[in-house]
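**Q** Sharing a structure, written as structure tokens. Questions coming.
The values are calculated or read from the model by the stated rules, or taken from the named source; none is laboratory data. Predicted model, so just to flag it, every value in this text is computed and none were measured. Reconstructed Cβ throughout: ideal geometry from the backbone, glycine too, with neighbour counts over all protein chains shown. Protein only, heavy atoms only, side chains kept; ligands, DNA and RNA dropped before computing areas. Shrake-Rupley method; radii C 1.70, N 1.55, O 1.52, S 1.80 Å.
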Amino acid sequence: MHDTADLIAETYVLGAGPWTMTPVTRGALGQIWKLSGAGTSWAVKELLFGCDEEQVRREAALRQAAEDLGIASPRLLPDRRGAHVSRLPLSSGDSHVKLYDWIDGTDADPSDPDVLDWFGRTMALLHRAGAGETEPPSGWYERCPRDDEWAALHTEVRRAGVPWADALGRFIATSAVELARWVTPSGPGDLVTSHLDLQPQNVLVGPDGPVLLDWDNAGSVSAERESARALYVWSGRGEGDVEAAVRVARAYRGAGGRAVVRGPGSFSMLFATELNYVRVQAKCAIDQTVTAAQREFASGQVVASLGRVPDLAAVERLCATLDR
């Protein structure tokens, strides 16, 4: 990886090496590498499924607006052309890469009151930074697979002989039907440009406090629906302490956040993203045009997702607690 590391350093004008790259973690959209040399370190995100350059521009703009309001996040560095994404010939073929500050820190503890207060304030500031959005949200957050799409997918999965085919069939017949009833298009009243993936895994606690990572999905969203999803995730996805959600909601309102969770319909984004994620990962897991590593990752994601399906009863308990 020395040649690749040197190429990235040259593209981003980081100075003379020697430079090295080591793999750190793999996410749904890309591989994170640590680029080290000249006494510094950087985070390289290799995008595994192509790149929407307009999406990267939205990410850069929101991150800057959020920084202006005091939200800490890794800088998204421009390359020598001034672009925030570069296409480079890596060992696996041409790939798009982005370069960020490297953050040394620990995983955020969603039971820590200080972290919960920080997160509530941060979500309110994000919604302030992204106020005035008029573009409708992506269908990923507004719609979910139709019955015929699920049926076709299940047929393909069974034909492929994956071990979770029966579990997927049970999910399609039960939870997918139950959750899909609550997935509806959002109205224009509370649209904002926001992060769209506000979960504890995207927060590191560094020397100066919490830092918000992974802005790749930045775009239009209903503030109410993003808030509801975040409250569910930060309170343990139905298995944790709902008082954590109460604390986040209190900090959110105290920082000027306007979104209010009104009932299960507020969780439409949560349900849509969970259903769409299962479908996309299941399709990838049997796609012979992607690498074996990508199929293996996707298969593991399906199994994990089927084990943490949103529970409507837990959502209703959360709504009742927030309404106190």
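**Q** Just name the residue that is nearest to Leu306 (Cα to Cα) out of those in the stretch 267-281 that are touching a residue at least 60 places away in the same chain (Cβ under 8 Å) and among the hydrophobic types (A, V, I, L, M, F, W, C).
**A** So the residue we want is Val278.
**Q** Do you know which residues across the stretch 282-312 are free of Cβ contacts under 8 Å to residues at least 60 places away in the same chain and open to solvent by less than 60 Å² (accessible area, probe 1.4 Å)?
**A** Cys284, Asp287, Val290, Arg295, Ala298, Gly300, Ala304, Ser305, listed by residue number.
**Q** Now, a different point. Please state which one of Val162, Val242 is surrounded by fewer than 21 Cβ atoms within 10 Å (Cβ to Cβ) and either without any contact (Cβ under 8 Å) to a residue 40 or more places away in the chain or closer than 19 Å to Pro110 by Cα (or both). Spell out how you get there, then give the answer.
**A** Numbers: Val162 fails: either without any contact (Cβ under 8 Å) to a residue 40 or more places away in the chain or closer than 19 Å to Pro110 by Cα (or both).
It is Val242.
**Q** Quick test for you: out of Ala38, Ala5, Ala61, Ala16, pick the one residue that is of a type outside the set (Asp, Glu) and crowded, with 17+ Cβ neighbours inside 10 Å.
**A** Residue meeting the stated conditions: Ala5.
**Q** Hey, among the residues in the stretch 260-289 that are within 21 Å of Gly139 (Cβ to Cβ) and of a type in the set (Gly, Ala, Ser), which one's nearest to the chain's Cα centre (by Cα)?
**A** Only one residue fits best here, namely Ala272.
**Q** Is it the case that Leu125 is under 25 Å from Ala249 (Cα atoms) and modelled with pLDDT of 95 or more?
**A** Here the answer is yes, as Leu125 does meet what is asked.
**Q** Additional query: Just checking, does the stretch 125-137 include any residue being open to solvent by less than 20 Å² (accessible area, probe 1.4 Å) and either out of contact with any Ser or Thr (no Cβ under 9 Å at 6 or more places or on another chain) or under 19 Å from Cys284 (Cβ atoms) (or both)?
**A** no
**Q** For the stretch 46-54, does any single residue satisfy the condition of being open to solvent by less than 50 Å² (accessible area, probe 1.4 Å), closer than 19 Å to Asp6 by Cα, at pLDDT below 95 and under 20 Å from the mean Cα position of the chain (by Cα)?
**A** Yes, the stretch 46-54 has at least one match.
**Q** Among the listed residues Ala60, Ala65, Ala43, Ala28, which satisfies the condition of being in contact with a Gly (Cβ under 9 Å, 6 or more places away or on another chain) and of a type outside the set (Asp, Glu)?
**A** Being in contact with a Gly (Cβ under 9 Å, 6 or more places away or on another chain) and of a type outside the set (Asp, Glu) holds for just one of Ala60, Ala65, Ala43, Ala28, which is Ala65.
**Q** For residues that are farther than 16 Å from Ile8 by Cβ, touching a residue at least 60 places away in the same chain (Cβ under 8 Å) and surrounded by fewer than 14 Cβ atoms within 10 Å (Cβ to Cβ), tally how many sit in the stretch 70-104.
**A** 1
**Q** In the stretch 179-201, is there at least one residue being touching a residue at least 60 places away in the same chain (Cβ under 8 Å), under 17 Å from the mean Cα position of the chain (by Cα) and surrounded by fewer than 16 Cβ atoms within 10 Å (Cβ to Cβ)?
**A** yes
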